[in-house]
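This report concerns only the one structure given below.
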Amino acid sequence: MTRRSISFDRIADRYDETRGGERRGQLVATEIEPYFGRARRVLEVGVGTGIVASAFAQLGRTVVGVDISAEMLTRAHARIGSRVVRADAHRLPLMTSAVDSAYLVWVLHLVAEPAEVLAECARVLRPS
């Protein structure tokens, strides 16, 4: 566990209400969704409480969520089911070419090595 995961564990109960909640998640999903094209299986790195992932699931996408905070993942699991996993964004626990698309919302500025995280996202993307 890292210092950052501990801090997000502490605020998980209040996170949505202080960040715009599900409405904000829906707005973000509406903006990003057109870029997915025919992608069915998408990865959210830094899924948090799952507010964006939930909106994508409602649009018919299969969302896999990764986050380092156990408490945030508990909330994401309640929203999108068992397709969440606790992991560091620098080392995604997915096979190469495992997802059709990937996205990060409100997270890249929080990671130690953004270029490594983006390289991991590229690794797990299917070609096309």
## Note on the structure
Taking segment 12-44 and keeping residues out of contact with any Asp or Glu (no Cβ under 8 Å at 6 or more places or on another chain) and not in a helix (DSSP H, G or I) leaves R19, G20, G37, L43, E44
### Message
For the structure I just gave you, tell me whether A70 is touching a strand residue (DSSP E or B) at 6+ places or on another chain (Cβ under 8 Å), over 25 Å from L125 (Cβ atoms) and surrounded by fewer than 18 Cβ atoms within 10 Å (Cβ to Cβ).
### Response
yes
### Query
For the subset of segment 10-37 comprising residues that are at pLDDT 85 or above and among the acidic types (D, E), which member is farthest from Y103 (Cα to Cα)?
E22
### Query
Restricting segment 76-104 to residues that are at pLDDT below 95 and touching a helix residue (DSSP H, G or I) at 6+ places or on another chain (Cβ under 9 Å), which is nearest to A122 (Cα to Cα)?
R83
### Query
Restricting attention to segment 97-110, does a residue exist that is acidic (D, E), in contact with a strand residue (DSSP E or B) (Cβ under 9 Å, 6 or more places away or on another chain) and either in contact (Cβ under 8 Å) with a residue 24 or more places away in the chain or assigned to a helix (DSSP H, G or I) (or both)?
yes
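The values are calculated or read from the model by the stated rules, or taken from the named source; none is laboratory data. These figures come from a predicted structure and were not determined experimentally. Note that each Cβ is placed from the backbone with ideal geometry, even for glycine, and that neighbours are counted across all protein chains shown.
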